[in-house]
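Right, one structure below, let's go through it.
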Amino acid sequence: DGKVASIIDTYIQTLVENDEFFFPLDAADSYNNVDRDIQNLKEIGAKSYSFTIASSRILPDINSAPNSQGLAYYGELLAKLKAEGILPVVTLMDGDYPQAIEDRGGVLDRIFVDYFVQYSKIVFDNFNDADISWVTINNPQDFCTLGFTAQAAPNVTDIVRNCVVNILSCLVQI
């Protein structure tokens, strides 16, 4: 489906290899169960549905071509939600991005800002609709602290300052 490895994928794989991860790797598998999930939302009377567009499914690397399969998946999901009268609440980034970006400095490097701006432009160009509620970066404070205090991906203990500066730069540029 064109998705590339993300920092969460790498982090979980490390936990699995060290026998420290005890949850199913496919979780709810919403990617393969859109119709089931939307039916469940209808049954409970949901008025909105919050999800994150996986950047690793949309833009594999900086300056790469967008993944048409990923764009088609999210286009289908958004269309089906709207057809059922369910407001999509879409998050652009929730603490995960392609491992290739992390390998070149990740959120501590300016490459992350450039990547995020490019990714966001692709998403907005493809899904710019008044019937979508947008969240740019979910819990930026957690994104910049937990992952750099060995509590979450990318599990790098380093100074948080560069992360905060780069996250704020992302928000200013889109």
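What does the accessible area per residue of the range 37-174 come to in Å², with a 1.4 Å probe and no ligands, DNA or RNA counted? Provide the component values of the computation, followed by the final result.
Values: 6500 Å² over 138 residues.
Accessible area per residue, the range 37-174: 47 Å².
Taking the Cα atoms only, what angle lies between the long axis of helix 7-17 and the longest principal axis of the chain, rounded to 10 degrees?
Once rounded, the angle reads 70 degrees.
Normalising by the residue count of the chain, find the relative contact order in percent from Cα pairs under 8 Å and 6+ residues apart. Show your work: numbers first, answer last.
Values: 229 pairs, mean separation 44.8, N = 174.
Worked out over the chain, it gives 26 percent.
About the Cα centre of the range 1-117, what is the dipole size in debye to 20, counting +1 per Lys and Arg Cβ and -1 per Asp and Glu Cβ, all else neutral?
With Lys and Arg at +1 and Asp and Glu at -1, about 620 debye.
What FRET efficiency, computed as 1/(1 + (r/R0)^6) with R0 = 45 Å and r the Cβ-Cβ distance, is obtained for E84 and N18, rounded to the nearest 0.05?
The calculated FRET efficiency here is 0.60.
The list [x] 35; [y] 29; [z] 44 gives values of percent of Cα pairs over 25 Å apart, and only one came from this structure; which label was calculated from it?
Given [x] 35; [y] 29; [z] 44, the structure-derived one carries the label [x].
Give me the net charge for the shell around Q69: Cβ to Cβ below 15 angstrom, other residues only, Lys and Arg +1, Asp and Glu -1.
Working: positive: K3, R57; negative: D1, E76.
Neighbour charge sum, excluding Q69 itself: 0.
Taking a Cβ-Cβ separation under 4.7 Å as the criterion for a possible partner, which cysteines of the chain have none?
C170
So which of K47/K82; K42/K82; K3/K47; K47/K80; K3/K42 end up more than 22 Å apart, counting from Cα to Cα?
Among K47/K82; K42/K82; K3/K47; K47/K80; K3/K42, the Cα-Cα distance tops 22 Å for K3/K47; K3/K42.
Got a number for carbon plus sulfur as a percent of the chain's accessible area, 1.4 Å probe?
Within the chain, the accessible surface is 52 percent carbon and sulfur.
The values are calculated or read from the model by the stated rules, or taken from the named source; none is laboratory data. Note that the structure is predicted; figures quoted are calculated from it, not measured. Here the Cβ is made from the backbone with ideal geometry for all residues, glycine too, and neighbour counts use every protein chain on show. SASA here: full protein model, heavy atoms, side chains in, ligands and nucleic acids out. Shrake-Rupley method; radii C 1.70, N 1.55, O 1.52, S 1.80 Å.
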